[in-house]
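Just below is one structure, and these are the notes that go with it.
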Amino acid sequence: MEAINNINLPSLLDTFVSLCAAFVLGGLIGFERQVRQRTAGLRTNTLVAVGAAVFVDMANRLGGHEAAVHVVAYVVSGIGFLGAGAIMKEGANITGLNTAATLWGSAAVGACAGADLIGEALLAAVFVLASNTLLRPVVNRINRRPVDEETSEATYRVYLVCQRGAESDMRENLVNWLEEANYPVRDVDIHPFGQHELEIHATLFATAVDSEELDRVVARLEALPPISQAFWNSSSEE
C-alpha cells in the first residue's frame with residue numbers, strides 16, 4: 001500500500017521532465033563521443049546523466065534540497081571511480097583523461113536536471129560539448145608546434161655509449177662538464193650496450209634547457225676516443 005500512496009502524478013511529471021532533460025543532454029554529449037569513437041560513447045554518457053538525475057531527484061523528493069545536496073556529493077565521488085576506470089597508462093603514455101572528464105561533465109548535467117535546474121543542465125551540456133569540439137582545433141594546432149626547449153618543462157637525459165673499462169672516467173667527465181654548464185645531474189645509470197660497450201645516461205635536475213648549450217656539451221663528450229655515441233633527449237613522462 002505504501003507504494004500506491006507514494007504515487008504522486010505532479011511529482012512523477014516533474015521526474016519525467018528531469019529524466020528527459022538528462023537523457024537528451026547526456027545523449028548529445030555521448031553522440032559527440034560516439035562519433036569520435038571514444039571508449040565512453042552514446043550509451044555510457046546518457047546512462048551517467050540519467051543515473052545522476054535519478055539519484056538527485058529521488059533524494060530531492062524524499063529529503064528535500066538538503067538531502068539532494070548530500071547525494072550530489074556522492075555522485076561526484078562515484079563518478080570519480082567510474083572515470084578512473086577509463087584512464088589507462090601504457091609506458092609514458094596516458095589515455096582516457098578526456099573520457100573521464102567528459103563522464104564527470106555528463107554527471108554534472110544529470111545532477112542539474114535531477115535538481116530541477118533544467119536551464120543549468122542545458123548550459124552545462126553546451127559547455128561540455130564546446131570543450132570537446134571547439135577546443136579540439138586549438139589543441140591540434142598547439143600539438144603540431146615544435147617544442148621550445150628553453151620554455152618547456154620536461155625531463156632531460158644525456159646518453160653516452162662508451163667502451164667497457166672506460167665508464168668511470170666517462171661518467172666523471174659527463175657529470176663534471178654538465179655541472180660546468182649549470183646543468184647538475186640528478187641521477188646516473190649504466191647499462192650494458194652490446195658485447196663491448198656500455199650506455200651511461202644522466203638525468204638532469206633542470207626542467208628547461210638551452211638546446212644549443214647542451215648540444216655543445218654533448219659534442220665535446222662525443223669527441224672523446226672511448227665514446228662512440230653521445231646524444232640527449234627530453235620527455236614529459238614525469
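The values are calculated or read from the model by the stated rules, or taken from the named source; none is laboratory data. It should be emphasised that the depicted structure is a prediction, and the values quoted were computed from it without experimental measurement. Heads up, the Cβs are rebuilt from the backbone with ideal geometry, glycines too, and the neighbour counts pull from every protein chain shown. Each accessible area value is taken on the protein alone, full model and side chains, heavy atoms only, with ligands, DNA and RNA left out. Shrake-Rupley method; radii C 1.70, N 1.55, O 1.52, S 1.80 Å.
Taking (1) farther than 21 Å from ALA124 by Cα; (2) under 31 Å from the mean Cα position of the chain (by Cα); (3) assigned to a helix (DSSP H, G or I) in turn, GLN37 satisfies each apart from (3). Taking the condition of being of a type in the set (Ser, Thr, Tyr) and part of a loop (DSSP other than H, G, I, E, B), how many residues in the range 176-219 meet it? The number of residues fulfilling the criteria is 2. For GLU172, indicate whether it is at negative phi, open to solvent by 20 Å² or more (accessible area, probe 1.4 Å), outside any strand (DSSP E or B) and at pLDDT 90 or above. Criteria met by GLU172. Candidates in the range 18-51 are the residues that are among the polar types (S, T, N, Q) and under 17 Å from GLY114 (Cβ atoms); of these, the one that is surrounded by the fewest Cβ atoms within 10 Å (Cβ to Cβ) is THR46. The C-beta contact set for the range 1-30 (first residue closer than 18 Å to VAL48 by Cβ, second residue at pLDDT below 95 and open to solvent by 60 Å² or more (accessible area, probe 1.4 Å), distance under 6 angstrom, 6+ apart or interchain) comprises ALA21/ILE118; GLY30/LEU42.
Of all residues in the range 112-140, those being of a type in the set (Val, Ile, Thr) and in contact with a helix residue (DSSP H, G or I) (Cβ under 7 Å, 6 or more places away or on another chain) number 3. Among the residues of the range 105-148, those identified as part of a helix (DSSP H, G or I), open to solvent by 70 Å² or more (accessible area, probe 1.4 Å) and at pLDDT below 90 are PRO137, VAL138, VAL139, ARG141, ILE142, ASN143, ARG144.
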